[in-house]
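Taking it in order: structure first as structure tokens, then the write-up.
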Amino acid sequence: VQLVESGGGLVQPGGSLRLSCAASESIFSINAMRWYRQAPGKQRELVAGITKGGNTNYADSVKGRFTISRDNAKNTVYLQMNSLKPEDTAVYYCNAYYCSGGCDNYWGQGTQVTVSS
């Protein structure tokens, strides 16, 4: 599974961005799609996830501000980010957790999000 993220950029505090993650295969069969982020000097952390069945989960730090969604017809997962804060600045990575026989994790190349005035 190949993943390509897009939609990152520079935004002012309080602004919004929508990240997209396009998959090379049908995401209908992928067990879970997740967004992670990694800020300079920090470990990569889970931001949001959505399962094949549509269940979602969020890090406490983004609850109420970020929304993850999926469009199976477009093989794309989105992360709508509202009320952005400087502490949201990081490289955001798309992840696919896919089980077919065994289970594997697949990663995109990342997209930079910078929140600054």
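Around the amide H of Phe66, modelled in the peptide plane, lie the amide H atoms of Asn82, all under 5 Å away and 5 or more residues distant in sequence or on another chain.
Among the trypsin sites (Lys or Arg not before Pro) found in the stretch 58-98, those both in a DSSP coil and sparsely packed, with 15 or fewer other Cβ atoms within 10 Å of their Cβ, are Lys63, Arg65.
Only one residue of Thr114, Gln43, Ala23 has its Cα farthest out toward the positive end of the dipole of the chain, where Lys and Arg carry +1 and Asp and Glu -1 on Cβ, and that residue is Thr114. Magnitude of the charge dipole for the stretch 1-79, about its Cα centre and with charges confined to Cβ atoms of Lys, Arg (+1) and Asp, Glu (-1), is about 140 debye.
Which of the trypsin sites (Lys or Arg not before Pro) across the stretch 15-47 are loop residues per DSSP, with 10 or fewer other Cβ within 10 Å?
Working: sites: Arg18, Arg34, Arg37, Lys42, Arg44; in loops: Lys42, Arg44.
Passing both the DSSP loop test and the Cβ count: Lys42.
Using θ = phi - 60° in the Karplus curve 6.51 cos²θ - 1.76 cosθ + 1.60, the 3J(HN,Hα) couplings for the stretch 98-109 round to 10, 10, 8, x, x, 10, 9, 9, 10, 10, x, 7 Hz; x is entered for Gly and Pro.
Roughly how many Å is it from the Cα centre of the stretch 71-94 to that of the stretch 20-55, as a whole number? When both Cα centres are located, 9 Å separates them.
Run the numbers on the stretch 45-92 and let me know its relative contact order in percent, using alpha-carbon pairs under 8 Å that are six or more apart. Can you show the working numbers first?
Numbers: 44 pairs, mean separation 12.2, N = 48.
Once normalised by length, the contact order is 26 percent.
Per residue, the chain exposes an accessible area of 51 Å² to a 1.4 Å probe, with every protein chain left in place.
For the chain, what relative contact order do you get, as a whole percent, if you take Cα pairs closer than 8 Å and at least 6 residues apart? Walk me through the numbers before you get to the answer.
Numbers: 291 pairs, mean separation 43.1, N = 117.
Result for the chain is 37 percent.
The values are calculated or read from the model by the stated rules, or taken from the named source; none is laboratory data. This is a predicted model, so every value here is computed, not measured. As a convention, Cβ positions derive from the backbone with ideal geometry for all residues, glycine included, and neighbour counts pool all protein chains shown. Quick note on the areas: whole protein, heavy atoms, side chains included, nothing else; ligands and nucleic acids left out. Shrake-Rupley method; radii C 1.70, N 1.55, O 1.52, S 1.80 Å.
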